[in-house]
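Peer 1: One structure is given below, represented as structure tokens, and several questions about it will come after.
Read-outs: derived from the displayed coordinates by stated rules, not from any lab. Since the model is a prediction, treat every value here as computed from it, not as a measurement. As a convention, Cβ positions derive from the backbone with ideal geometry for all residues, glycine included, and neighbour counts pool all protein chains shown.
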Amino acid sequence: MYFLRMMRGGLLAAMAISTLSAGVITEALFSSNGGSFINDTIADGVTAPLGFTNTGGTADAFLNNANSTITGLAYGSYYAITFLGFGQHIGTGTFSVRYDGVLFSTAVTFPSDLTCCTQFASLSLPGGDSVTLATTDLSADRIAIIADGAGLTPGGAADAFYLFTFTQGAAVPEPGSAVLLATAVFALGFARFRKR
């Protein structure tokens, strides 16, 4: 009986220790026009902000900090807000995110036609996580062509809303957890067998 309690306690402790952590995005960047058009979540005093909101509506509060940075986007869908018209990302460029401290980038072609639902970018991240960008047909005046947090105010022109979707990969148990679980099941079966 003592052995059974030890096995159960060890199994619970192992399961608590081996829980998988969720990935976090702490930076995002759109770049186009040979690198001269940049919207990002980096407070550098040079580049315009990349605004992030929930997908409830075009007037939702920004998820960015006051200086335009983001503390961490969890899994889900968001609007990424950038310029429409002057400063709009069109043609070849780069889409980047910082995921768990590591920068991932991909070349993209920003579409000029912003009708709904055209996915134009996809990033594969560790653990099967991914980020996709798609057009929407939404626009509203939300950001200005001013560096960092000062740009998180209306600038007098409509802005483009892209659907930014951060998806968690399928959870895969660690091999050590599977071995512990199999050992515990075997021990329970053996204990029941010994009682007979």
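Peer 1: Can you put Tyr75, Tyr162, Tyr99 in order of Cβ neighbours within 10 angstrom, beginning with the fewest?
Peer 2: Listing Tyr75, Tyr162, Tyr99 from fewest to most nearby Cβ atoms yields Tyr75, Tyr99, Tyr162.
Peer 1: Let me ask something else about it. Which of Thr115, Thr53 has the fewest other C-beta atoms within 10 Å, and how do the rest follow up to the most?
Peer 2: Ordered by Cβ neighbours within 10 Å, fewest first: Thr115, Thr53.
Peer 1: Which shape class applies to segment 25-167: rounded if a/c is under 1.5, otherwise prolate when a/b exceeds b/c and oblate if not, where a ≥ b ≥ c are the square roots of the Cα gyration tensor eigenvalues?
Peer 2: It is rounded, given that a/c, with a ≥ b ≥ c, falls under 1.5.
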